[in-house]
């Protein structure tokens with residue numbers, strides 16, 4: 001693989017990562033969250049009627065923890081699938 | 001768009017002042033077309049020179065400024081701090097006309113409860129790195145005025161915009177204080193200083209958009225632009241970008257838009 005090809009591959013993958021990073025942001029009850037693997041794991045520990053910190057370390061009230069988990073996992077799988085598809089296109 | 005829709009609480013504002021060297025209206029028209037695609041039903045107001053495709057046109061005088069990027073040129077960037085007074089919306093996202101929208105990320109800014117949101121980190125497409133800039137020689141990280149969300153009415157936001165106007169008005173003083181290029185007034189610097197003053201130089205993390213602004217520097221030229229992607233070119237070759245990005249080489253952007 002040529003140096004130019006390597007650089008372009010690296011750039012395309014980094015741009016994809018940037019795209020997925022921005023797409024993973026969603027708003028819940030006024031707070032901004034990133035639907036990454038950390039939030040997916042953390043969301044399952046959140047209880048009804050409690051506060052959690054969003055990406056900007058602002059407290060956000062979670063009334064229905066089940067609904068929050070559903071939103072986080074749905075968004076996470078959506079962007080992970082998109083990442084997988086794009087990744088294949090770039091690397092093949 | 002109907003009058004009822006125009007009375008929405010939220011909207012996008014774009015500044016448009018044609019300069020002797022750059023056809024900003026062409027850029028603004030493309031920017032509006034992209035916003036219509038990815039942010040449907042969001043009204044768009046243009047401040048400055050009239051654009052037919054905008055929902056609302058707001059005439060406002062703007063003093064000229066000069067920049068020294070690839071030679072000394074005139075540009076009109078000194079009215080940005082008046083957007084708080086001029087916006088017809090309660091929740092406004094003001095974007096540069098060279099910010100090309102290729103995704104719906106702006107929509108999440110409208111839904112956030114934060115009264116002010118701006119980018120701090122940027123992804124440099126040429127150097128493939130995510131980083132931030134400092135204000136002058138200080139350790140104060142620069143905030144980008146390219147995408148700015150704010151709420152109105154809000155006392156603190158109003159205070160920030162008043163401070164922004166003061167920084168622009170007394171830029172020579174601040175340029176010496178912060179060791180800025182006093183020959184080129186940058187809204188990014190003025191906004192950063194204004195927000196820092198408003199927050200009493202405390203943390204501004206709650207005002208930061210939690211992802212990088214993808215930026216194509218001056219050395220990258222626009223090869224072509226479509227509704228869902230833009231192709232940039234540099235010494236490494238071509239690169240296709242499918243997300244919203246800030247294009248610093250305005251001349252090549254206008255060339256790609258107008259053909």
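The values are calculated or read from the model by the stated rules, or taken from the named source; none is laboratory data. For clarity, every value in this text was computed on a predicted model and none was experimentally measured. Cβ: placed from backbone, ideal geometry, glycine included. Neighbour counts: every protein chain shown.
Selection of segment B:43-71 for residues being crowded, with 19+ Cβ neighbours inside 10 Å, out of contact with any helix residue (DSSP H, G or I) (no Cβ under 7 Å at 6 or more places or on another chain) and farther than 16 Å from residue B:98 by Cα yields only B:65. Residues that are within 16 Å of residue B:247 (Cβ to Cβ), more than 8 Å from chain A (Cβ to nearest Cβ) and not in a loop (DSSP other than H, G, I, E, B) within segment B:116-130 comprise B:119, B:122, B:124, listed in sequence order.
Run down A:35, A:43 and say which single residue is within 13 Å of chain B (Cβ to nearest Cβ) and either surrounded by 14 or more Cβ atoms within 10 Å (Cβ to Cβ) or more than 22 Å from residue B:103 (Cβ to Cβ) (or both). Step through it out loud before you land on a result.
On the way: A:43 fails: within 13 Å of chain B (Cβ to nearest Cβ).
Answer to the selection: A:35.
Residue A:51 passes every criterion in (1) touching a strand residue (DSSP E or B) at 6+ places or on another chain (Cβ under 9 Å); (2) within 30 Å of residue A:10 (Cα to Cα); (3) more than 11 Å from every other protein chain (Cβ to nearest Cβ) apart from (2).
Just so you know, in segment B:163-196 the residues that are outside any helix (DSSP H, G or I) and buried (at least 20 other Cβ atoms within 10 Å of the Cβ) include one that is modelled with the lowest pLDDT, and it is B:185. Total residues in segment B:29-63 satisfying the condition of being assigned to a loop (DSSP other than H, G, I, E, B) and either touching a residue at least 24 places away in the same chain (Cβ under 8 Å) or more than 27 Å from residue B:218 (Cβ to Cβ) (or both): the figure is 16. Taking the criterion of being in a strand (DSSP E or B) and away from every other protein chain (no Cβ under 12 Å), the residues of segment B:232-259 that qualify are B:246, B:247.
Could you count how many residues in segment B:202-218 are in a loop (DSSP other than H, G, I, E, B) and either facing chain A (nearest Cβ under 7 Å) or surrounded by 15 or more Cβ atoms within 10 Å (Cβ to Cβ) (or both)?
To start, the set of residues in segment B:202-218 that are in a loop (DSSP other than H, G, I, E, B) comprises B:202-204, B:209-212, B:217-218.
If we keep only those that are either facing chain A (nearest Cβ under 7 Å) or surrounded by 15 or more Cβ atoms within 10 Å (Cβ to Cβ) (or both) as well, we get B:204, B:209-212, B:217.
Qualifying residue count, segment B:202-218: 6.
Among the residues of segment A:11-22, just one is at the interface with chain B (Cβ under 7 Å from one of its Cβ atoms), more than 14 Å from residue B:239 (Cβ to Cβ) and surrounded by fewer than 21 Cβ atoms within 10 Å (Cβ to Cβ), namely A:21. In this structure, residue A:71 does satisfy being within 14 Å of chain B (Cβ to nearest Cβ), part of a helix (DSSP H, G or I) and modelled with pLDDT of 95 or more.
Residue-level check: of (1) in a loop (DSSP other than H, G, I, E, B); (2) in contact with a strand residue (DSSP E or B) (Cβ under 7 Å, 6 or more places away or on another chain); (3) modelled with pLDDT of 95 or more, residue B:157 misses just (1).
One residue stands out among those in segment B:19-42 that are modelled with pLDDT under 95 and closer than 22 Å to residue B:187 by Cα: the one that is surrounded by the fewest Cβ atoms within 10 Å (Cβ to Cβ), which is B:20.
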